[in-house]
Amino acid sequence: MTDFNTIDDLEVSGKTVLVRADLNVPMQDGKVSDTTRIDRLAPTLKELSSKGAKVVVLSHFGRPKNGPDAKNSLRNVLDALSAAVGQKVAFAEDCVGDKAKEAIAKVHDGAIVLLENTRFHAEEEKNDPAFAKEMAALGDLYVNDAFSAAHRAHASTEGVARLLPNAAGRLMEAELKALTLALEKPERPVAAVVGGAKISTKLELLGNMVRKVDLLVLGGGMANTFLFAQGTDVGASLCEKDMADQARAIMATAKDANCEILLPKDFVVAKEFKAGAANRVVAFDAIGADEMALDIGPATVEFLGVKLQGAKTIVWNGPLGAFEIQPFDAGTNGVAGLVAARTEAGGLLSVAGGGDTVAALAHAGAEDKFTYVSAAGGAFLEWLEGKELPGVAALKK
């Protein structure tokens, strides 16, 4: 995964550089409501611009169904992108053809042009070779800075990369370095913290993890399924009882691979799922028939603090409880705080990402203290599952 070119390997002055970005950002009332992806992309665009390249940005946005529509136009993110890069970004009404060519021809070296939504063309998601060729004809070089879209073999993520000299952008470079250090060439012992509601959505991830890590911490609803598979009554808790066999198979694989699975010792339980609900702390095997486990308890946080003390590398995916509502955020906050403190003290590489993870760590005040937090959802999960990502594979030397 580390064998790829970076911007340092490209001579970009006077060249037109196509940059695949992920500008699929959330919107509210016609404005970008979370600029994280734009802010993380900006350094690559600014660097290429400062080195004298014409920077042409490609991205998808939303889920357009039948060609162009105003709601899914990338024009919606133009102001936020301009603000992030500190210059007025030009806009092209299409991502291929005459409109794209004219917009690029009009600007000077150092300028940035945003092309319209790649998914306004059905050929994008089909990775159509003729469409990729048409897109590649717009530039001299290709830079992929969209790790979060790298699990898709689309024309703009994979097809174009095979037609032009290519490199990883600064965000992609940071992501690949962090992921390589976390699971491909990690310093041991390695621990994985995996939470979330269901094991059915994370079967491949868990199957890959138990073969790669020394400790696997399970929390959230999926921990209930593992406890149930061992014969524990979990009351009215979220539990996939039909997945018990799969849970037992994962435990058997873990045993063979010398991976220790850590399950909660206690829970914070309540009879209703709402903020401030009456609750109590009980041992893992003392949940009432009408009670739900909504968070790991204080004894579990303390137990995990001891267990994770010796880890040199930690990979985190998913919350350990219903972190969105108080007081059921305490477990996730507590363990995240322990990992953050050890990372800041040195000696621990901590990498997190996927789905609710970023929100959970931000809520815990720990997001900026981890070594690396990936804003990618599906791509991060597929990487954890051990899959090769097409957009990354296309960048390999």
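Of Ala105, Ala42, Ala100, which residue is among the small types (Gly, Ala, Ser), assigned to a helix (DSSP H, G or I) and surrounded by fewer than 16 Cβ atoms within 10 Å (Cβ to Cβ)?
On the way: Ala42 fails: surrounded by fewer than 16 Cβ atoms within 10 Å (Cβ to Cβ); Ala100 fails: surrounded by fewer than 16 Cβ atoms within 10 Å (Cβ to Cβ).
Result of the check over Ala105, Ala42, Ala100: Ala105.
Pick from Asp128, Asp140, Asp79: which is open to solvent by 10 Å² or more (accessible area, probe 1.4 Å) and in contact with a helix residue (DSSP H, G or I) (Cβ under 7 Å, 6 or more places away or on another chain)?
On the way: Asp140 fails: in contact with a helix residue (DSSP H, G or I) (Cβ under 7 Å, 6 or more places away or on another chain); Asp79 fails: in contact with a helix residue (DSSP H, G or I) (Cβ under 7 Å, 6 or more places away or on another chain).
One residue alone meets the criteria, Asp128.
Which of the residues spanning segment 17-39 are in contact with a strand residue (DSSP E or B) (Cβ under 8 Å, 6 or more places away or on another chain) and open to solvent by 50 Å² or more (accessible area, probe 1.4 Å)? Outline the logic, then answer.
Residues of segment 17-39 in contact with a strand residue (DSSP E or B) (Cβ under 8 Å, 6 or more places away or on another chain): 17-21, 23, 25-26, 33, 38.
If the condition is that a residue be in contact with a strand residue (DSSP E or B) (Cβ under 8 Å, 6 or more places away or on another chain) and open to solvent by 50 Å² or more (accessible area, probe 1.4 Å), then Pro26, Ser33 are the ones that fit.
Restricting the search to segment 143-181, which residues are in a loop (DSSP other than H, G, I, E, B) and either farther than 15 Å from Asp22 by Cβ or open to solvent by less than 10 Å² (accessible area, probe 1.4 Å) (or both)?
If we filter segment 143-181 for residues that are in a loop (DSSP other than H, G, I, E, B), which is where we start, we get 145-146, 150-154, 163-165, 169.
The answer is Asp145, Ala146, Ala150, Ala153, Leu163, Leu164, Pro165, Gly169.
If you go through segment 328-347 one residue at a time, how many are assigned to a helix (DSSP H, G or I) and open to solvent by less than 10 Å² (accessible area, probe 1.4 Å)?
In the first step, residues of segment 328-347 are kept if they are assigned to a helix (DSSP H, G or I); the result is 330-345.
With open to solvent by less than 10 Å² (accessible area, probe 1.4 Å) added as a condition, the list becomes 331-332, 335-336, 339-340.
Within segment 328-347, residues that are assigned to a helix (DSSP H, G or I) and open to solvent by less than 10 Å² (accessible area, probe 1.4 Å) number 6.
Which condition number does Leu218 fail, the rest of (1) more than 17 Å from the chain's Cα centre (by Cα); (2) under 30 Å from Asn5 (Cβ atoms); (3) not polar (S, T, N, Q) being met?
(2)
For Phe120, are the conditions met, namely being hydrophobic (A, V, I, L, M, F, W, C) and farther than 29 Å from Leu389 by Cα? Please lay out each step first, then the result.
On the way: hydrophobic (A, V, I, L, M, F, W, C): yes; farther than 29 Å from Leu389 by Cα: no.
The answer is no for Phe120.
Cβ-Cβ distance below 6 Å, separation of 6 or more or different chains: which pairs start in segment 40-51 with a residue that is more than 17 Å from Thr16 (Cα to Cα) and end on one that is outside any helix (DSSP H, G or I)?
What qualifies is Leu41/Ala21; Leu41/Asp145.
Ala293: closer than 17 Å to Gly221 by Cβ, touching a strand residue (DSSP E or B) at 6+ places or on another chain (Cβ under 8 Å) and either hydrophobic (A, V, I, L, M, F, W, C) or not in a helix (DSSP H, G or I) (or both), yes or no?
Details: closer than 17 Å to Gly221 by Cβ: yes; touching a strand residue (DSSP E or B) at 6+ places or on another chain (Cβ under 8 Å): yes; either hydrophobic (A, V, I, L, M, F, W, C) or not in a helix (DSSP H, G or I) (or both): yes.
So Ala293 fits the description; yes.
Starting from segment 175-197, keep only residues that are among the charged types (D, E, K, R), then list their pairs with residues that are part of a strand (DSSP E or B) whose Cβ atoms are within a distance under 8 Å, requiring at least 6 positions of separation or different chains.
Within 8 Å, the pairs are Glu175/Tyr372; Glu175/Ser374; Glu187/Thr313; Glu187/Leu349; Arg188/Thr313.
The values are calculated or read from the model by the stated rules, or taken from the named source; none is laboratory data. Note that the structure is a prediction, hence the values are computed from the model and not measured. Here Cβ is always computed from backbone atoms with ideal geometry, including for glycine, and neighbour counts include all displayed protein chains. To get the accessible areas, we keep the full protein, side chains included, count just its heavy atoms, and leave off ligands, DNA and RNA. Shrake-Rupley method; radii C 1.70, N 1.55, O 1.52, S 1.80 Å.
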